[in-house]
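The values are calculated or read from the model by the stated rules, or taken from the named source; none is laboratory data. Just so we're clear, the structure is a prediction, and the values are computed from it rather than from any experiment. Counting neighbours? That spans all protein chains shown, and the Cβs are built from the backbone with ideal geometry, glycine included. Just so you know, the surface numbers come from the protein's heavy atoms only, side chains and all, with ligands and any DNA or RNA stripped out. Shrake-Rupley method; radii C 1.70, N 1.55, O 1.52, S 1.80 Å.
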Amino acid sequence: MAEKISLRKQKKFQARQTILTAAAQQFKLHGFASTSIAGIMQTAGLGVGTFYNYFGSKEEVLLTLAKNLREKITEEISAANEESSVELLERCCVCTAKLIDENRFILPLFISASEHSDKPEQISKSLSPGFRELFEAIILRGQKSGEFRSDVPTNIISEIIHSIYQTTAFSRLEIPFQENIRLKVKILLDGIREKNFL
């Protein structure tokens with residue numbers, strides 16, 4: 001009996017992963033707005049009705065993919081925990097830029113994040129892939145250790161970082177996306193460092 005339940009769980013997990021993989025492929029090919037649930041499920045080789053056994057909407061799939069990317073960033077920066085907060089924040093921003101550049105379909109989440117930032121906390125968090133919280137944790141660590149200025153609230157600094165990705169998405173400069181982010185983050189880091197840490 002336990003073996004049957006385990007097999008059922010395994011099949012459900014595989015079906016969910018198949019849908020996520022198919023969605024990522026479709027989002028990369030056609031963009032988020034032009035991708036349909038039917039297109040995702042055709043690529044997955046599953047019936048459209050099966051989609052709703054795992055996800056409530058196309059937006060929920062996008063959010064799940066973005067959260068998976070955020071987990072990759074969390075793993076990478078947790079391995080570099082001995083670095084200063086300045087180095088860690090820079091690494092986190094550069095790593096995020098690389099993953100967004102390789103998975104442009106998550107840009108709508110960064111662009112729309114400001115649209116729901118004024119909503120109640122529980123709604124805002126449910127619509128967020130968690131990148132902002134990741135930035136805030138590093139900034140708070142830097143403020144506590146005296147590396148970052150504490151006269152500017154943590155959430156203001158993380159909002160500025162978040163907006164860097166939004167503005168770069170629409171940049172018309174002849175600078176590659178990742179380099180554009182890196183240069184903007186460098187300017188920001190110079191501005192939030194405490195003078196005695198320069």
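Summary table
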{"item": "Any chance GLU71 is open to solvent by 20 Å² or more (accessible area, probe 1.4 Å), without any contact (Cβ under 8 Å) to a residue 12 or more places away in the chain, within 30 Å of HIS30 (Cα to Cα) and within 11 Å of the chain's Cα centre (by Cα)", "result": "yes"}
{"item": "Residue match in the range 79-90 (condition: at pLDDT 90 or above, surrounded by 13 or more Cβ atoms within 10 Å (Cβ to Cβ) and outside any helix (DSSP H, G or I))", "result": "yes"}
{"item": "Test: LYS4 is at pLDDT below 85 and either assigned to a helix (DSSP H, G or I) or not charged (D, E, K, R) (or both)", "result": "yes"}
{"item": "Top-ranked residue of the range 156-198 - restricted to ones that are of a type in the set (S, T, N, Q) and over 16 Å from ILE139 (Cα atoms), ranked as most open to solvent (accessible area, probe 1.4 Å)", "result": "ASN196"}
{"item": "ILE156 being at pLDDT below 95, closer than 20 Å to CYS95 by Cβ and hydrophobic (A, V, I, L, M, F, W, C)", "result": "no"}
{"item": "Qualifying position, being free of Cβ contacts under 8 Å to residues at least 12 places away in the same chain, aliphatic (A, V, I, L, M) and either within 20 Å of PRO108 (Cβ to Cβ) or open to solvent by less than 40 Å² (accessible area, probe 1.4 Å) (or both), among ALA23, ALA38", "result": "ALA38"}
